[in-house]
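These notes are about the structure you will find just below.
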Amino acid sequence: MASKFLDKLRRHVVEIIIVGSILAASITLAVVLSFFRVSSSIAIIKHHNETIMKVDLSKENEERHFQVKGDFSFVTIAVKKDYICIEHNDCPSQYCVNEGWVKSGEKPIICAYNGISIYFSEDSGGSAILG
Amino acid sequence: MSPWIGGLIGIGAAILFLVLFVLIYRKSNMFGVRKIVLLGLFLALAIALGMFESMIPDFLVPGFKLGLANIAIVLLLFGAGWKEALLVDVLRVVLVSLLRGNFMTMGGWMSFAGMALSFLGMLLIHLLWKKASVIFVSIIGALLHDVGQIFVAFIYMENGAIFYYLPFMVLVSLATGALAGIVAYTLLKRESFTRLFRKEEAD
């Protein structure tokens, strides 16, 4: 039985190598992205390619809420010291809301339904902090 | 994207689909009663599986899907042929997006792009590499489905932040593609199942 199994594996060596390579590459990238942190505390809120707002989370002393206009509805964003989240959104999947509070420099929050993205960038462009 | 451009793209896609349909199927012998019934059954299966998996929430990555509907497509690709699989795949995506109410919306376009890239990849591997296994073809289909969706989302969002999710979606698609491939492989091994596709079987 073992020899039959090894025989089968030998016939599909190329496939195993291809899938194994993709698996290894994606695991590596996933681990790097999970632990990678941008040192900036500035959250950039964009609607498609247009920057709506930049918020310096290190200067937020109290929790505050504001709305930005998306493609289909308004998106409520909450910020507090070093954290940001999408608090309320009318999108069907609610994945962006379920992400919860995201710490400065961590992963982006994307709402593809409304075209809203929140991410951290070291290159804040020196623009004035709005909002 | 302006509604006019979206509408023009939609009309263009519909015309392209009709032209391709005529070119691919004009000399086909696909439309006997038995074949129509078989394709109808597989279409119903693919729609049912697609609707079922859409009820499962995105809990690992955005757009997470088990890829159950792809089982029907892989079965047709290996059992009946690529034209049959293509027809059912396109109809499945259109009907599921109509049922879910996201036809001609970003969600619908993402599904269509995922389907198109996935089917193209599976077809190329199946035609060019005869020794490719069912499970491998299914994995590649699942992988390309997610890649296609990410690219449509990137074009729609007009910024690259969405690519953050790509490695996680690839990991999930490798697992779901393997799962769907194992189910399809198990069914295709059974003579009682592959008998469905034989032309000489009487009703």
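The values are calculated or read from the model by the stated rules, or taken from the named source; none is laboratory data. For clarity, every value in this text was computed on a predicted model and none was experimentally measured. No Cβ is skipped: glycine too gets one built from the backbone with ideal geometry, and neighbour counts run over all protein chains shown. Keep in mind that these areas ignore ligands, DNA and RNA; they rest on the heavy atoms of the full protein, side chains included. Shrake-Rupley method; radii C 1.70, N 1.55, O 1.52, S 1.80 Å.
A few points about this structure:
- Among the numbered conditions (1) free of Cβ contacts under 8 Å to residues at least 12 places away in the same chain; (2) within 13 Å of chain A (Cβ to nearest Cβ), the only one that B:Leu124 does not meet is (2).
- Summed over the stretch B:31-53, residues that are open to solvent by less than 30 Å² (accessible area, probe 1.4 Å) and at pLDDT below 85 total 1.
- Residue among B:Ala184, B:Ala153, B:Ala175 that alone is of a type in the set (A, V, I, L, M), open to solvent by less than 20 Å² (accessible area, probe 1.4 Å) and within 10 Å of another protein chain (Cβ to nearest Cβ): B:Ala153
- Test: residue in the stretch B:187-198 that is touching an Asp or Glu at 6+ places or on another chain (Cβ under 9 Å), assigned to a loop (DSSP other than H, G, I, E, B) and not β-branched (Val, Ile, Thr): no
- Within the stretch A:94-122, the set of residues being part of a strand (DSSP E or B), within 30 Å of B:Arg100 (Cα to Cα) and open to solvent by less than 10 Å² (accessible area, probe 1.4 Å) comprises A:Ile109, A:Cys111, A:Ile116, A:Ser117, A:Ile118.
- Test result for B:Gly107, buried (at least 19 other Cβ atoms within 10 Å of the Cβ), of a type in the set (Gly, Ala, Ser) and under 12 Å from the mean Cα position of the chain (by Cα): no
- Whichever residue in the stretch A:26-49 is touching an Asp or Glu at 6+ places or on another chain (Cβ under 7 Å) and hydroxyl-bearing (Ser, Thr, Tyr) and, among such residues, is most open to solvent (accessible area, probe 1.4 Å): A:Ser39
- Test: residue in the stretch A:79-93 that is open to solvent by less than 30 Å² (accessible area, probe 1.4 Å), within 14 Å of chain B (Cβ to nearest Cβ) and more than 20 Å from B:Gly160 (Cα to Cα): yes
- Qualifying residue in the stretch A:8-15 (condition: more than 11 Å from chain B (Cβ to nearest Cβ), modelled with pLDDT under 90 and surrounded by 12 or more Cβ atoms within 10 Å (Cβ to Cβ)): no
- Test: residue in the stretch B:89-97 that is in a loop (DSSP other than H, G, I, E, B) and either within 13 Å of another protein chain (Cβ to nearest Cβ) or open to solvent by less than 30 Å² (accessible area, probe 1.4 Å) (or both): no
- Residues in the stretch B:127-150 that are over 16 Å from B:Leu179 (Cα atoms), aliphatic (A, V, I, L, M) and within 14 Å of chain A (Cβ to nearest Cβ): B:Leu128, B:Ala132, B:Val147, B:Ile150.
- Count - residues of the stretch B:111-147 that are open to solvent by 40 Å² or more (accessible area, probe 1.4 Å) and not aromatic (Phe, Trp, Tyr): 12
- Qualifying positions in the stretch A:16-25 - open to solvent by less than 60 Å² (accessible area, probe 1.4 Å) and of a type outside the set (A, V, I, L, M): A:Gly20
- Verdict on A:Ile52 being open to solvent by 40 Å² or more (accessible area, probe 1.4 Å), touching a Leu at 6+ places or on another chain (Cβ under 9 Å) and of a type in the set (A, V, I, L, M): yes
- The lone criterion from (1) within 14 Å of chain B (Cβ to nearest Cβ); (2) open to solvent by less than 30 Å² (accessible area, probe 1.4 Å); (3) farther than 15 Å from A:Tyr119 by Cα left unmet by A:Thr76 is number (1).
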